[in-house]
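Since every read-out is calculated from the coordinates, none of them should be taken as a lab result. Note that the coordinates shown come from a computational prediction; the quantities given were computed from them, not determined experimentally. Backbone-built Cβ (ideal geometry, glycine too); neighbour counts: all protein chains shown.
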Amino acid sequence: MTTTGSTHHRQGLIDDATCREATAGLELVGRRWTGAIMLALGRGATRFKEVEAAVEGLSARLLTARLRELEEHGVVEREVIPTTPVSVRYRLTPRGRDLLTAMQPLVAYHLRWGD
């Protein structure tokens with residue numbers, strides 16, 4: 001076991017700095033509805049109403065807030081299509097697809113163990 005500052009490192013444990021960084025990512029995905037929105041986008045939903053329909057119980061107001069938050073973090077991109085009426089499509093960015101891949105073991109865990 002090695003010591004860096006006040007942190008003790010053992011095989012398999014994450015140091016304090018890495019833990020702080022990882023926590024930010026976990027909090028983003030762990031916010032209510034965010035995982036479900038990402039899964040819907042990963043399954044091919046692209047329009048606001050498609051995502052809203054895919055995530056039962058999610059309000060339009062909260063979906064808007066979560067999509068903006070995911071966009072700010074570079075996980076989702078929003079494409080405005082200049083048609084009449086204007087059409088908007090959402091998709092996962094490469095960063096978002098990578099995050100979705102990282103979420104798959106958690107989905108598998110839940111399918112195996114439940115709540």
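Mind putting a number on the dipole of the chain about its Cα centre? Charges go on the C-beta only, +1 for Lys and Arg and -1 for Asp and Glu, and I need it in Debye to the nearest 20. Numbers along the way, then the final one.
Values: 16 positive and 14 negative charges, 62 e Å.
Here the chain has a charge dipole of around 300 debye.
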>> Expected output is a single nm value to one decimal: the length gained when fully extending between residue 43 and residue 113, i.e. 0.36 nm times separation in residues minus the C-alpha distance. What is it?
In response: 22.9 nm
> At residue 104 and residue 65, where each label point lies 7 Å from the Cα along Cα→Cβ, what is the point-to-point distance in nanometres?
Replying inline: 3.2
> Just one of [x] 8.5; [y] 9.6; [z] 6.7 is mean projected area of the Cα convex hull in nm² as worked out from the coordinates here. Which one is it?
Replying inline: [y]
> What full-extension length gain, to one decimal in nm, is calculated for residue 87 and residue 26 as 0.36 nm per residue of separation minus the Cα-Cα distance?
Replying inline: 18.8 nm
> Under the definition of Cα pairs under 8 Å and six or more residues apart, what whole-number percent is the relative contact order of segment 34-113?
Replying inline: 29
> In deg cm²/dmol and to the nearest 500, what is the mean residue ellipticity at 222 nm of the chain if only DSSP H runs of at least 4 residues count, each as -39500 (n - 2.57), divided by the residue total?
Replying inline: -17500 deg cm²/dmol
